[in-house]
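The values are calculated or read from the model by the stated rules, or taken from the named source; none is laboratory data. All values derive from a computational prediction rather than experimental measurement. Note that we place each Cβ from the backbone using ideal geometry, even for glycine, and neighbour counts take in every protein chain shown.
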Amino acid sequence: MRIRNLALAAVFFGAAAAAAWFVTRPEPFAASHWEGLGAPDLANGEQIFWAGGCTSCHAAAKSEGEARLVLSGGLPLNSPFGTFHVPNISPDETAGLGEWSLAEFGNAMTRGVGRNGEHLYPSFPYGSYARLTSKDINDLWGFMQTLPKSANVAPPHELPFPFNIRLLLGGWKLLFLTDQSRVTVDTSDPKIARGQYLVEGPGHCGECHTPRNALGGFETNLWLAGAPNPEGEGRIPNITPGSRSISGWSESDIVGYLQTGFTPDFDTVGGSMVEVQQNLAKLPAADLQAIAAYLKAVPARE
Amino acid sequence: MKSKAVFLAIALAGLVAGAVTAADEPQAVRQELMKKIGASTGALAAIAKGEKPYDAAVVTASLQTISENSKAFPDQFPAGSETGLETEASPKIWENMDDFRAKSVKLATDVDAVLAQLPADQAAVGAALGVIGKDCASCHENYRIKK
C-alpha cells in the first residue's frame, strides 16, 4: 500500500514536472512563419534599426559616428538580477550572427528563443519586439547584413542563482510575454496606430518608462508612468498625459524634443535618453508625429 | 503689541538673510547660470524656427551669455555642494572633474567660434544651435540627474 502511494506520488510529480516543462518550454514560430517574405526593403530595415535603438546596447560603449554601426557587443547592463553582457550581433560568422538564418533571428526577436532553442533573458527586450511584423523583421535582418563585422567576443552574463537557470525564464514568459497591445487607444486613427506600433514594439519605450514588479514583469496598470532608474540615481520620467514633466508639452513639442534634444523650455535631453533621442532623430517626421499622438492618447497616470 | 512687531521684524530679517544665503550657495548659482543659458538658447531657437525675425543683436547677446556662463559654470562645484537645494548634479561630476570641466570648456570654445563668425541668417542660427545642443546633451548625458 505504501509502495503504491509512493509510486503514485512519483507519477504525480513526474507528470507535474512534465506539464511545467511543457507550458514553459521555448516556443519558436513554425518554420513556415518566416518563409516567403521576399527580398528585404533595406531602407525600411534601417528605419526599424534606428527605431529599435539596437546600437544603444550593441555598439561598443562610447563609440561615435560610423563606429555606432559596429554591433560588437560587450556593454555591461546592471540589473537587480545580476549583470548582463550584451552580445555581438554583427554579421561576423563566429563571434556574431553571421551563420544565423532569418527564422533564427526572428525567433530571437519575437519569441525570445536563442539559436540552440534556449530561452533568452528579457534584458534583450523581445517582450516589446514581439510586436514587430514579419516584414519588419525581414527588412531589419536584411539591413543588419550590410553592417561591418566584429570579431569581439562578449563575456558571459554574471548572474547569481537562481537567475542563471534559463529554464526558469519559461515561467517568466508564461506570466509576462505577450504580443498584445499594452493599452487601448483609438487605433482607427492610423497615426495613433502607427505610434502604438513604434512605441510598444521596436521603440521598446516601456522597458524603461514602465515600472516592474518583483519578478521583472511590467506593472501593466502603470504603462509609461515612470520608474526608478535601473542604472542608479534618479527616475525615468512618466511620459503619460498625467506626467509632471511633460504633460504640458504639445505634440509638436514632443516631436521637436525627439528631433533636436531640446525641451520646450530649452533644457536638453539627458541620461540614457540622449542616445535614444539621437536614434529617433533619424526617423521620418511622420513617425515622430505618430509617437507624439500615441503618447497623448495613452491613459494618464500620475 | 510693540514686542510683537519687533518679533515680526526679526523673523522677517531672518527670512531675508536666509534667502540671501541660499542664493549665494553654489547650487543656486549654477542653477541660475543654467537658467540663463536655457533662456538664451530659447531666444536662438525662436529665430531658428522662424517664430521671431532674425536679429543680429539678439543672436550676439544670446551667444555671449552662453559663452560667459559656460566659462563660469564648472567653478560652481566645490566640495560640500554635492547635495541640497534640489541639485540635479550627478556625483559623477566630483569623480571625473577633469572630464566634466572639459565638457564645459568644449561648449565655451564652440560658442566662441560661432561668435567669431556670427550666424547671418535663420538657417545659420539653426546650424549653430545644432552644435550647441550636442554639447549640452553630451554633458547632461552623464552629469545631470533628473529626479
Exercise. In segment A:79-98, which residues are farther than 12 Å from A:Ala59 by Cα and more than 16 Å from the chain's Cα centre (by Cα)?
Worked result: A:Pro80, A:Phe81, A:Gly82, A:Thr83, A:Pro91, A:Asp92, A:Glu93, A:Thr94, A:Ala95, A:Gly96, A:Leu97, A:Gly98
Problem set entry | Residue in segment A:166-192 that is surrounded by the most Cβ atoms within 10 Å (Cβ to Cβ), counting only those that are in contact (Cβ under 8 Å) with a residue 60 or more places away in the chain and among the small types (Gly, Ala, Ser) | A:Gly170
Seminar exercise, completed: Residue pairs qualifying under the 7 Å Cβ cut-off, at least six apart or on distinct chains, with the first in segment A:230-255 being under 21 Å from B:Glu88 (Cα atoms) and in contact (Cβ under 8 Å) with a residue 40 or more places away in the chain and the second being of a type in the set (D, E, K, R) and surrounded by fewer than 21 Cβ atoms within 10 Å (Cβ to Cβ), are A:Asn238/A:Arg244; A:Asn238/A:Arg301
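Restricting to segment A:258-279, and then to whatever is more than 7 Å from chain B (Cβ to nearest Cβ) and of a type outside the set (A, V, I, L, M, F, W, C), can you tell me which residue is nearest to A:Gly226 (Cα to Cα)? Give the steps one after another, and end with the answer.
The first filter runs over segment A:258-279 and keeps only residues more than 7 Å from chain B (Cβ to nearest Cβ), leaving A:258-259, A:263-264, A:272-273, A:275-279.
Of the ones still in play, those that are also of a type outside the set (A, V, I, L, M, F, W, C) are A:259, A:263-264, A:272, A:275, A:277-279.
Numbers: A:Gln259: 22, A:Thr263: 18, A:Pro264: 20, A:Ser272: 14, A:Glu275: 18, A:Gln277: 17, A:Gln278: 21, A:Asn279: 21 Å.
Once the filter is applied, the top-ranked residue is A:Ser272.
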Exercise. Which residue pairs have Cβ atoms closer than 7 Å, lie 6 or more positions apart in sequence or on different chains, and pair a first residue in segment B:88-101 that is at negative phi with a second residue that is of a type in the set (A, V, I, L, M) and in a helix (DSSP H, G or I)?
Worked result: B:Phe100/B:Ile93
Exercise. When you go through (1) free of Cβ contacts under 8 Å to residues at least 24 places away in the same chain; (2) assigned to a helix (DSSP H, G or I); (3) away from chain A (no Cβ under 13 Å); (4) not aromatic (Phe, Trp, Tyr) one by one for B:Val131, which number turns out not to apply?
Worked result: (3)
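Given the residues A:Phe84, A:Phe29, which is the only one that is in contact (Cβ under 8 Å) with a residue 60 or more places away in the chain, closer than 30 Å to A:Gly171 by Cα, surrounded by 16 or more Cβ atoms within 10 Å (Cβ to Cβ) and aromatic (Phe, Trp, Tyr)? Talk me through it step by step, then tell me what you get.
Values: A:Phe29 fails: surrounded by 16 or more Cβ atoms within 10 Å (Cβ to Cβ).
So the residue among A:Phe84, A:Phe29 that is in contact (Cβ under 8 Å) with a residue 60 or more places away in the chain, closer than 30 Å to A:Gly171 by Cα, surrounded by 16 or more Cβ atoms within 10 Å (Cβ to Cβ) and aromatic (Phe, Trp, Tyr) is A:Phe84.
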Exercise. Out of (1) exposed (fewer than 11 other Cβ atoms within 10 Å of the Cβ); (2) closer than 22 Å to A:Asn152 by Cα; (3) at pLDDT 95 or above, what's the single condition that is false for A:Gly98?
Worked result: (1)
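Which residue, of A:Phe143, A:Phe163, is assigned by TED's automatic domain parsing to the domain that holds A:Leu71, of a type in the set (A, V, I, L, M, F, W, C) and assigned to a loop (DSSP other than H, G, I, E, B)?
Numbers: A:Phe143 fails: assigned to a loop (DSSP other than H, G, I, E, B).
Going through A:Phe143, A:Phe163 in turn, just one is assigned by TED's automatic domain parsing to the domain that holds A:Leu71, of a type in the set (A, V, I, L, M, F, W, C) and assigned to a loop (DSSP other than H, G, I, E, B): A:Phe163.
Let's see how each residue does on (1) modelled with pLDDT of 95 or more; (2) over 17 Å from B:Cys136 (Cα atoms):
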{"position": "A:Ser247", "(1), (2)": "no, yes"}
{"position": "A:Val255", "(1), (2)": "yes, yes"}
{"position": "A:Pro264", "(1), (2)": "no, no"}
{"position": "A:Pro284", "(1), (2)": "yes, yes"}
{"position": "A:Asp287", "(1), (2)": "yes, yes"}
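So is A:Ser90 in contact (Cβ under 8 Å) with a residue 60 or more places away in the chain and farther than 18 Å from A:Glu275 by Cβ or not? Write out each step before concluding.
On the way: in contact (Cβ under 8 Å) with a residue 60 or more places away in the chain: yes; farther than 18 Å from A:Glu275 by Cβ: yes.
Judged against the criteria, A:Ser90 is a match.
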For this session: Please give the helices (runs of 4 or more DSSP H) falling wholly within segment B:26-104 in which 3 or more residues are closer than 24 Å to A:Gly234 by Cα.
Result: B:26-48, B:92-95
